[in-house]
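Please read the structure below before turning to the comments.
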Amino acid sequence: MAHLLKKKTDAILLRKKGASVPAIAQSLGIAKSTTWLWVKHVVLSERQVADLVKNSVDGRNTGKQVLAAVRLAHQVVRQKNAKTIVSDLLTVQPDSFWKVFAAILFWCEGGKRHLTSVRFTNSDPELLRVFLYAFRKGFDLDERKFRAVVHIHGYHDDLKQKKFWSEVTGVSMKQFSKSYVKPNTGKRVRQNYQGCLSLRYNDAALARMLDALYHAFAAQIGAW
C-alpha cells in the first residue's frame, strides 16, 4: 500500500510539472488508465497545456516521418530489383523477344478489328514510346509507312501537340494528318493532358503477324 501511495504522489508531482499521462505512466511503470485516475484533478497552466499539445503533434509527425522513410526505402529496393530484372531480360533474351513483346502490347492496346494496318492508340506517352521501341527493335520497319492523328480538345494548341507526339514517337510531323478535335465544353480543362495519339503503320502482313504472335504466345502458355 505504501508503495502505491508513493507512486501516486510521484505521479501527481510529475503532472503538476506538466508531464503527459503516457510519460508519467512509462516513468513509474503503471498503466495509463491508473495514471489518469490519479492525476485528472490536477489543473495545468495554459503554457503546460500548449506544451503537451505541441509535444503530441511533434510525436505524431516523427512517426509519420519514420513511416515515410520506411516506405521510401522499400520503394528504392523495388526500383533496384526491377531495374536488375529488366536489365537481365533485355541482355539475355533473343531478338524474338521484342517481336513477342510488341505483339503483347498490340494485343492489349492495339486496334485488332481490322488487321489492314498496325494501329495503336493511347494517351500515355510512355506506353507509346515502349511499344514503338519494341516494334522497331523486333521488326525491320519502313518509317515512311507511319501515319499519326492527334486527338485533342479545343483548348489545346494543335501545333504544339503535334510537336510533342512527334518527339515521343520519332515520327516526322510530315506524317501527321489533320488533328481530330474532340467535342468539349471548355469548362473542364485536364491539366498536363497531351491529348491522345492514334498511330498507324500501313502494313497488313505485319498486323496479321502480330496477331499470330500473341495468339501463339497465349496457346503456349495454355499448353504449360
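The values are calculated or read from the model by the stated rules, or taken from the named source; none is laboratory data. From a predicted model like this one, the values you see are computed outputs, not experimental measurements. Using ideal geometry, Cβ is built from the backbone for each residue, glycine included, and neighbour counts are taken over all protein chains shown.
Odds and ends about this structure:
- Condition check for G154 on (1) touching a Lys or Arg at 6+ places or on another chain (Cβ under 9 Å); (2) modelled with pLDDT of 95 or more: one failure, at (2).
- Filtering Q79, Q65 for residues that are farther than 29 Å from L206 by Cβ and either more than 19 Å from the chain's Cα centre (by Cα) or modelled with pLDDT of 90 or more (or both) leaves a single hit, Q65.
- When each of L141, L159, L128 is tested for being part of a loop (DSSP other than H, G, I, E, B) and aliphatic (A, V, I, L, M), the lone residue that passes is L141.
- Every pair of residues 6+ apart whose Cβ atoms lie under 8 Å, when the first sits in the stretch 113-140 and is among the β-branched types (V, I, T) while the second is part of a loop (DSSP other than H, G, I, E, B): V118/D203
- As a summary of the residue check, P183 satisfies the conditions (1) surrounded by 13 or more Cβ atoms within 10 Å (Cβ to Cβ); (2) within 30 Å of the chain's Cα centre (by Cα); (3) on the phi < 0 side of the Ramachandran plot except for the one numbered (1).
- When the stretch 99-125 is limited to residues that are assigned to a loop (DSSP other than H, G, I, E, B) and more than 25 Å from the chain's Cα centre (by Cα), the one that is nearest to T169 (Cα to Cα) turns out to be S117.
- Meets criteria (hydrophobic (A, V, I, L, M, F, W, C), buried (at least 18 other Cβ atoms within 10 Å of the Cβ) and either in the same structural domain as L213 (by TED's automatic domain parsing) or within 13 Å of T169 (Cβ to Cβ) (or both)) for V130: no
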